[in-house]
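Asker: Next up is a structure, given as structure tokens.
We did not get these values from a lab; they are worked out from the coordinates using the rules stated. Bear in mind the structure is a predicted one, so any value in this text is a computation, not a measurement. As a convention, Cβ positions derive from the backbone with ideal geometry for all residues, glycine included, and neighbour counts pool all protein chains shown.
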Amino acid sequence: MRPRYIALLAAFASYAGAQPHKTENVLLVMTDGLRWQEVFQGADAALMDDKNHEVAAGRREALLPFLWHVVAKNGQIYGNRTLGSDAYVTNGLNFSYPGYNETLSGFTDPRIHSNDKVANPNVTVLEWLNQKPAYRGKVAAFGAWGVISWIVNASRAGFVVNSGYEPLTAPPVTERLALLNRLKDETQIWEDEPFDSFPFHTALEYLKLHHPRVLYLSLGETDEWAHRGDYALYLRSAHRVDQYLKELWETVQSIDQYRGKTTLIFLTDHGRGQAPVEWKSHGEKIADSKFIWMAFLGPDTRALGERTKVAPVTQSQIAATLAALLGEDYTGAVPKAGKPIADVLR
């Protein structure tokens, strides 16, 4: 090959590898305990009264249309074990607090072994970003489960956190927020967790008012209904989460700060056991509940779709991947955190 062609190829490779970084904002959304089986195969025939279903692809697209028609089509999704794509937690406990800590801190911690309201001793990637001038005051976290405030260590973190039945008091408290606060207080069904509609609409209103660069949203009905063995409401909640994602994504695309400059990360904190019995539960004694799924959509993530025959990815990689999408080196500061998922980055 002639030298000038070699030089041209080298220049092209350098240009291709130096494509401009576009992500300036990240939306991190989690829904508690949604199984990979429903995400990739749709409603489980073993748990349905009507056994006459469409093929798996049709069932999953009916259940999660935004995830499959928009996120998977234009981004990447991991965790379909039938296609050689494993995603799993590394904490070994397979329940919520350890999973949220692993996601947000990037590593496991033996001190975190319960779902008790104990302030997280670890600095999450959210708090780490908020300590930087570029993100200070531009990080916010919302959760259905009241323990989320403890997981992100709201008393120390320095950014807006709202979870459980607590009212959002960060000014301005608009009429819409005041109504959400009131209705949330008046509809207490579960001990420490309102219906997903309250944290979602509160977070959406906050985003419209304050335009945070990093927004974390944790929803919980999928886990609540599964523990109660109500498969119909579990599926309905999963479908509603998908619609919330669609509304959130369409909202940010209508705002100049976010349009074309925002990445969405969507995953769960743990898996569940298999149907027809163990699907209701999860934990250390249910090995299958370590398997999860994760999806990415944004301007710096290639449209590789549903991943097949790829190396496993872990929950511990989310924190560093989130930071890397913003151009920040989390593992440089926290070496024990999982490394960024390379294929998710441009």
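Asker: Using only alpha carbons, build the gyration tensor for the stretch 23-344 and give me the equivalent ellipsoid semi-axes, biggest first, whole Å.
Answerer: They are 27, 23, 20 Å, listed largest first.
Asker: Could you let me know the centre-to-centre spacing of the stretch 152-198 and the stretch 288-319, using Cα atoms, in angstrom?
Answerer: 30
Asker: Between the stretch 109-143 and the stretch 19-93, how far is it from one alpha carbon centroid to the other, in angstrom?
Answerer: So the two Cα centres are separated by 26 Å.
Asker: Sticking with this structure for a sec: Expressed in nm to one decimal, what extension gain is obtained for the pair Ala45 and Ala62 from 0.36 nm per residue of sequence separation less their Cα-Cα distance?
Answerer: Details: separation 17, 0.36 × 17 = 6.12 nm, distance 1.43 nm.
Full extension from Ala45 to Ala62 adds 4.7 nm.
Asker: A further question follows. What does the highest-first list of 92-102, 259-269, 75-85 look like by mean Cβ count within 10 Å?
Answerer: Sorting 92-102, 259-269, 75-85 by mean packing, highest first, produces 92-102, 259-269, 75-85.
Asker: Less than 20 Å from a label point 7 Å out along the Cα-to-Cβ axis of His21: which backbone N atoms in the stretch 110-144 qualify, by residue?
Answerer: 124-140
Asker: Which length gain, in nm to one decimal place, applies between Lys309 and Lys132 when the Cα-Cα distance is subtracted from 0.36 nm times their residue separation?
Answerer: Using 0.36 nm per residue and subtracting the Cα-Cα distance, I get 60.0 nm.
Asker: Something else: If r is the Cβ-Cβ distance from Lys336 to Leu183 and R0 is 51 Å, what FRET efficiency results, to the nearest 0.05?
Answerer: The formula returns an efficiency of 0.75 here.
Asker: Work out, in µm²/s and without decimals, the Stokes-Einstein translational diffusion coefficient of the stretch 251-346 at 20 °C, 1.002 mPa s, Rh from Kirkwood over C-alpha pairs.
Answerer: In µm²/s, the coefficient is 140.
Asker: Okay, moving on. Nearest 500 deg cm²/dmol is fine: what mean residue ellipticity at 222 nm does the chain get from its DSSP H runs of n ≥ 4 alone, each adding -39,500 (n - 2.57), divided by its residue count?
Answerer: On the way: 13 runs with 121 residues, N = 346.
So the helix-based figure for the chain works out to -10000 deg cm²/dmol.
Asker: Could you give each residue of the stretch 197-207 its phi-based ³J(HN,Hα) in whole Hz, using Karplus coefficients 6.51, -1.76, 1.60 with θ = phi - 60°, and x for Gly or Pro?
Answerer: 4, 6, x, 5, 5, 5, 5, 5, 5, 4, 4
Asker: Let me ask something else about it. If packing is taken as the mean number of other Cβ atoms within 10 Å per residue, what is the order of 211-222, 332-343, 156-167, highest first?
Answerer: On the way: 211-222: 25.0, 332-343: 16.3, 156-167: 19.3.
Listed from highest to lowest mean packing, they are 211-222, 156-167, 332-343.
Asker: In addition: Of the listed pairs Lys261/Lys309; Lys22/Lys184; Lys184/Lys246; Lys132/Lys309, which have alpha-carbon separations greater than 27 Å here?
Answerer: In this structure, Lys261/Lys309; Lys22/Lys184; Lys132/Lys309 exceed 27 Å between Cα atoms.
Asker: What length, rounded to one decimal in nm, is gained on full extension from Arg346 through to His227, with 0.36 nm per residue of separation minus their alpha-carbon distance?
Answerer: Stretched out fully, the Arg346 to His227 stretch lengthens by 39.0 nm.
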